[in-house]
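Worksheet: the structure to be examined is printed underneath.
The values are calculated or read from the model by the stated rules, or taken from the named source; none is laboratory data. Keep in mind that this is a model prediction, so the values were computed, not measured. Cβ sites come from the backbone with ideal geometry, for glycine too, and all protein chains shown count toward neighbours. Remember, those area values only see protein heavy atoms, side chains included, never the ligands or the DNA or RNA. Shrake-Rupley method; radii C 1.70, N 1.55, O 1.52, S 1.80 Å.
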Amino acid sequence: MCGIIGYAGSGRASQAITDGLKRLEYRGYDSVGIAVLSPKSKLEVRKDKGMVEEVSSALRFTSIGGNIGLGHTRWATHGTVCRANAHPHADCTGSIVLAHNGVIENYAKLRDSLAAKGHKFASDTDSEVVAHLMEENAKTQPLIRAFMRTIGQLEGSYAIVAMSAADKEERLFIARRNSPLIIGAGKGEMLCASDIPAMLKYTRTFVPLQEGDMAILARNGYKIYSADGAEAERKQITVDWDMEMAKKGGYPHFMQKEISDQKHFINESLSSDTADAMKLICASGRIDIIAAGTSYHAGIMLSYLLQSTGRVAQAYIASDYPYIAKPDKKTLVIAISQSGETADVLQALRFAEGCRKIAITNVVGSTVTALADCVVFLNAGPEVGVAATKTFTSQLAVIYKLFYDKERLKPLSGLIGAMLEHDNEIKAVAQKIAGKENAFFIARGRNVPIAYEGSLKFKEITYIHSEAYPGGELKHGTLSLITPGVPVIALAPKDETLPKLLGNIREAKARGAFILSITDDDEVKKESDISIALPPGTDPILYPFALIVPLQLLAYHTSVLRGVNPDRPRNLAKSVTVE
Ligand code: M6R
């Protein structure tokens, strides 16, 4: 939540920051701002509510000259969405500016004590307090000490980038705790940002900061300090992602591109290294899986597969794990997180102290990788759309790789390709349901996590209320909501779940529901208002991969028809770094 970026180099800072903000916008998009130290050593701050494209061109961000600066795109936590609450925030003199991602939990106390010393605040945010605190500390000590002292006084989560007009050395002061921040080490220019794609235009060499780290960035290098103030070495990583991967590539939305990319990335995911994870699984007793949102649905699939081999395994919503589970030293904890930065997941992992841990993630250098004994990477390339699509199928792919041999999974790319061919048909279905108020997704067995995921995707970007159930549950309550015309989306492949699911479809149809089925069964087709065909002869274990694609397309087209931007649904952000 919130994206931050800093630049110190010999190039035009405002350009690098504006470029980066466009890539970071998926993290939060209610307001945006930039601060650059102009050639006259004056801090120029421009900010407003609105999307990056409109605000940056209206306020002419890139017209600001200067070689050092910072920027921010906001997802509001404290204070309404307005210009005053947009970042960057400044101290009383306007000489120190900063951008912050996270939540300063002790901000009210800090604010009161600073106000008592005469500080005047221009916003309702917790973040502004940090600029004033640094101003206060800089009255008695050099900037670097003042920054470190300031960071030491903060409670909560933060990724911070700060700078001062009074700093003759033109440096950025940065720090992180429970919010991501990565240094991008270019040639003669240093950057930092909440994620890697924001810096790809400038470098492929990155240094992820560790929890509690602080760093100083200047044009020619960086110095990192651990939380106790001692200089620290951190590993550099090189990524092979390129700018094209983080662009729309001719598609109107990232989401559509990412859905379509699945047929390629699935093979990358299938080639990821799962050997160490397998060893840990084989050596473990009970297995707890922790994840949120879409990743939780992949986690349910993992739990089903583990249970089918006789293992004791359960998927937990990460934010609830500490209230429910009692892991012991023999418990293996598997965290699934696309971003590797989801606060709920990180918190649950910390709660499971002493357990062996596996992380399944897409992001090299993300926080989850530092907390796990073993990491399985999705290799799905950057995912920009807020709705997770290709990373879900990638999660399923690496999970399946733990249970099935290569040959059996080989048809996956072709299967996904075949389901993508239904795009026009699904667009036509979207027209029929775009005006509805409710939708229900039903399935049984291993197809249930796909129904959950289809329903989440649908509500997330169409704003139509939707729910998903194992078909057997309909008659235990939900059937009372099935009235004439209500869409019921049935995942009905020809597997062992079909006979009973067919019964559920008939129950819904008898109440006038509009039945959309995804099936390869003639009986189901007869009962349906519309059917999307599964390829004949599909290996039953692969059905979940075939079923998810039309559901993603349905959500996408319905969203567009309803005038929603599927890449940036209201109130949401790609990376949820607050609990
Ligand atoms: O990065 P993570 O996989 O940990 O993210 C978890 C959820 O926030 C995420 O899957 C969310 O539910 C998506 N927006 C769903 O499309």
Query raised in the report: For residues in the range 335-351 being without any contact (Cβ under 8 Å) to a residue 60 or more places away in the chain and open to solvent by 10 Å² or more (accessible area, probe 1.4 Å), which is nearest to Ala246 (Cα to Cα)?
Result: Gln338
Report summary line: Apart from one, (1) among the charged types (D, E, K, R); (2) modelled with pLDDT of 95 or more; (3) under 29 Å from the mean Cα position of the chain (by Cα) all hold for Glu135; the odd one out is (3)
Report summary line: By my count, strands (runs of 3 or more DSSP E) wholly in the range 268-338 with at least 2 residues that are within 14 Å of the ligand (Cβ to nearest atom) and under 12 Å from Gln395 (Cβ atoms) are 287-291, 332-337
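What are the residues in the range 103-125 that are over 17 Å from Lys139 (Cβ atoms) and open to solvent by less than 10 Å² (accessible area, probe 1.4 Å), if any?
Of the range 103-125, the ones over 17 Å from Lys139 (Cβ atoms) are 103-109, 111-112, 121-125.
Within the range 103-125, Ile104, Ser123, Thr125 qualify.
Just for helices (runs of 4 or more DSSP H) wholly inside the range 352-437: which have at least 3 residues that are open to solvent by less than 20 Å² (accessible area, probe 1.4 Å) and not aliphatic (A, V, I, L, M)?
In the range 352-437, the matching helices (runs of 4 or more DSSP H) lie at 390-401.
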Query raised in the report: Which of the residues spanning the range 179-223 are open to solvent by less than 30 Å² (accessible area, probe 1.4 Å), of a type in the set (Asp, Glu) and modelled with pLDDT of 95 or more?
Result: Asp213
Requested in this report: Could you look through the range 22-45, keep only residues that are among the polar types (S, T, N, Q) and assigned to a loop (DSSP other than H, G, I, E, B), and pick out the one that is least open to solvent (accessible area, probe 1.4 Å)?
Outcome: Ser38
Report summary line: From the option list Asp48, Asp19, single residue qualifying as part of a strand (DSSP E or B), among the acidic types (Asp, Glu) and open to solvent by 10 Å² or more (accessible area, probe 1.4 Å) is Asp48
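Based on this model, can you work out whether Gly537 counts as more than 32 Å from the chain's Cα centre (by Cα) and free of Cβ contacts under 8 Å to residues at least 40 places away in the same chain?
Values: more than 32 Å from the chain's Cα centre (by Cα): yes; free of Cβ contacts under 8 Å to residues at least 40 places away in the same chain: yes.
So Gly537 fits the description; yes.
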Query - Scan of the range 275-314 for residues that are free of Cβ contacts under 8 Å to residues at least 12 places away in the same chain and either on the phi > 0 side of the Ramachandran plot or touching a Cys at 6+ places or on another chain (Cβ under 7 Å) (or both), ordered by number - result: Gly310
Query raised in the report: Could you count how many residues in the range 266-305 are aliphatic (A, V, I, L, M) and open to solvent by 20 Å² or more (accessible area, probe 1.4 Å)?
Result: 6
